[in-house]
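Structure first, then comments.
The values are calculated or read from the model by the stated rules, or taken from the named source; none is laboratory data. Note that the structure is predicted; figures quoted are calculated from it, not measured. Here Cβ is always computed from backbone atoms with ideal geometry, including for glycine, and neighbour counts include all displayed protein chains.
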Amino acid sequence: MHLKNLQLNQFKNHSQSSFSFTKQVNCFVGNNGAGKTNILDAIHYLSQTKSYFNHIDAQNIQFNADYFMLKGNFEKQDSEDEIQCNLKEGEGKVLKKNQKKYKRFSEHIGQFPCIIISPTDTNLILEGSEVRRKYLDSSIAQYKQSYLKTLINYNKALKQRNALLKQFAERCYFDEITLEIYDNQLIELGSVIHRERTEFLKELTPVFNKYYAEISESKETVNLAYKSQLNDGDYSELLKQSLIKDRASNYTQTGTHKDDIIFEMNEHPIKKIGSQGQQKSFLISLKLAQFEFIKHQIGFKPILLLDDIFDKLDDNRVLKLISFVNKGVFGQVFITDTHAERSEEILSKANIPYSIFNIENGATI
């Protein structure tokens with residue numbers, strides 16, 4: 001699979017930009033703030049229906065404009081599809097495939113998968129469990145659409161159960177039968193989510209370890225530990241045991257919505273003991289493992305987006321990363337860099353076809 005071309009209209013700092021891409025490496029070079037990362041984000045929008053960097057859609061409209069439009073043509077297994085995303089201020093977002101509007105965005109997820117590696121990925125280590133759950137869920141959803149539907153239904157049942165708990169408190173009554181309806185939904189759906197996350201991490205971890213060893217060339221051991229209340233207990237029992245706390249807090253205290261991944265190095269959280277370099281290698285290895293795992297599941301290579309990667313790794317590690325393209329590990333790759341000469345030198349050494357686009361103030365020069 002590859003993206004043949006891309007149009008951006010009034011998206012962030014791009015008034016009107018259009019690109020035609022090579023099937024292998026495409027590099028956007030320019031100063032900080034030129035709009036390079038916004039191009040990667042546009043690709044992410046067409047793949048995942050949303051921004052990687054700002055989930056408030058209206059904030060991605062260009063300043064002093066009232067809409068944005070993104071359009072791209074993906075070629076996959078001898079077929080070509082045009083994907084278009086429009087957002088008008090005050091109106092809903094519209095996503096179309098070959099001019100036909102999607103009823104639900106979830107129908108699109110997984111059709112044109114992409115993986116992004118960005119400096120903002122440090123949030124996976126530094127921030128709370130919600131960020132890591134999103135990583136888990138977006139990974140699984142790109143190869144198993146049924147998972148996304150299960151997750152949506154689980155969150156709906158969770159929201160309804162929490163509303164019911166609040167209603168009990170406000171109206172000073174308790175209805176065990178109605179509560180049991182939502183409990184049963186959470187048990188059924190949550191058990192599926194827990195099973196899928198368990199399987200994903202079980203299969204992802206050895207791939208992750210392989211990439212970490214290749215990129216870091218270090219002796220430390222790393223691991224991804226799945227932390228879930230459902231690891232050690234029956235969900236039905238957990239809900240019963242938690243009922244008093246749930247009623248006191250008006251919130252469901254147990255379930256897969258409390259899950260987390262512990263990023264470990266030498267059996268300790270990497271957040272506490274890992275250097276900046278080790279954390280960067282950890283995150284890049286995690287994303288490359290995600291790429292390889294999804295590729296294996298769907299039978300073709302996702303698009304890989306590398307944001308500002310050359311600034312974060314030394315030349316040896318960068319060359320090693322780019323060499324994966326030559327070995328056929330990756331398919332189409334998009335890269336941003338602040339130094340045109342550096343990009344030229346690295347890509348020339350790698351001996352692979354590439355295109356370089358010079359970006360300045362949201363436009364190609």
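Quick look at the values:
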item	result
First in the range 155-178 and free of Cβ contacts under 8 Å to residues at least 40 places away in the same chain, second anywhere and of a type in the set (Phe, Trp, Tyr) and assigned to a helix (DSSP H, G or I), Cβ under 8 Å, 6 or more apart	157/182; 160/182; 164/182; 175/168
Residue in the range 137-151 that is of a type in the set (D, E, K, R), without any contact (Cβ under 8 Å) to a residue 60 or more places away in the chain and either assigned by TED's automatic domain parsing to the domain that holds residue 10 or exposed (fewer than 15 other Cβ atoms within 10 Å of the Cβ) (or both) present	no
Unique residue being under 28 Å from residue 123 (Cβ atoms) and among the basic types (Lys, Arg) when the list is 96, 50, 23	50
Residue 262 vs. criteria modelled with pLDDT of 85 or more and of a type in the set (Val, Ile, Thr)	yes
Filter result (closer than 16 Å to residue 50 by Cβ and part of a strand (DSSP E or B)) within the range 85-96	85, 86, 87, 93, 94, 95, 96
Residue check, residue 208 surrounded by 15 or more Cβ atoms within 10 Å (Cβ to Cβ) and in the same structural domain as residue 148 (by TED's automatic domain parsing)	yes
Close pairs from the range 226-243: first under 14 Å from residue 187 (Cα atoms), partner of a type outside the set (Phe, Trp, Tyr) and loosely packed, with under 12 Cβ neighbours inside 10 Å, Cβ under 7 Å, at least 6 apart	none
Hey, residue 42 assigned by TED's automatic domain parsing to the domain that holds residue 333, surrounded by fewer than 18 Cβ atoms within 10 Å (Cβ to Cβ) and hydrophobic (A, V, I, L, M, F, W, C) or not	no
Verdict on residue 197 being farther than 30 Å from residue 273 by Cα and either in a loop (DSSP other than H, G, I, E, B) or touching a residue at least 60 places away in the same chain (Cβ under 8 Å) (or both)	no
Residues located in the range 263-288, provided they are of a type in the set (A, V, I, L, M), part of a helix (DSSP H, G or I) and farther than 19 Å from residue 308 by Cα	270, 273
Number of the exception - residue 64 against (1) surrounded by 11 or more Cβ atoms within 10 Å (Cβ to Cβ); (2) out of contact with any His (no Cβ under 9 Å at 6 or more places or on another chain); (3) under 19 Å from residue 17 (Cβ atoms)	(1)
Residue that is surrounded by the fewest Cβ atoms within 10 Å (Cβ to Cβ), among those in the range 294-337 that are more than 24 Å from the chain's Cα centre (by Cα) and not hydrophobic (A, V, I, L, M, F, W, C)	327
The range 43-64, residues that are under 16 Å from residue 94 (Cβ atoms) and either in contact (Cβ under 8 Å) with a residue 60 or more places away in the chain or not charged (D, E, K, R) (or both)	45, 46, 48, 49, 51, 58, 60, 61
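Residues checked against (1) aliphatic (A, V, I, L, M); (2) within 21 Å of the chain's Cα centre (by Cα); (3) more than 22 Å from residue 79 (Cβ to Cβ); (4) modelled with pLDDT under 95:
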site: 3; (1), (2), (3), (4): yes, yes, no, no
site: 7; (1), (2), (3), (4): no, no, no, no
site: 10; (1), (2), (3), (4): no, no, yes, no
site: 19; (1), (2), (3), (4): no, no, no, no
site: 25; (1), (2), (3), (4): yes, yes, yes, yes
site: 43; (1), (2), (3), (4): yes, yes, no, no
site: 46; (1), (2), (3), (4): yes, yes, no, no
site: 54; (1), (2), (3), (4): no, yes, yes, yes
site: 58; (1), (2), (3), (4): yes, yes, yes, yes
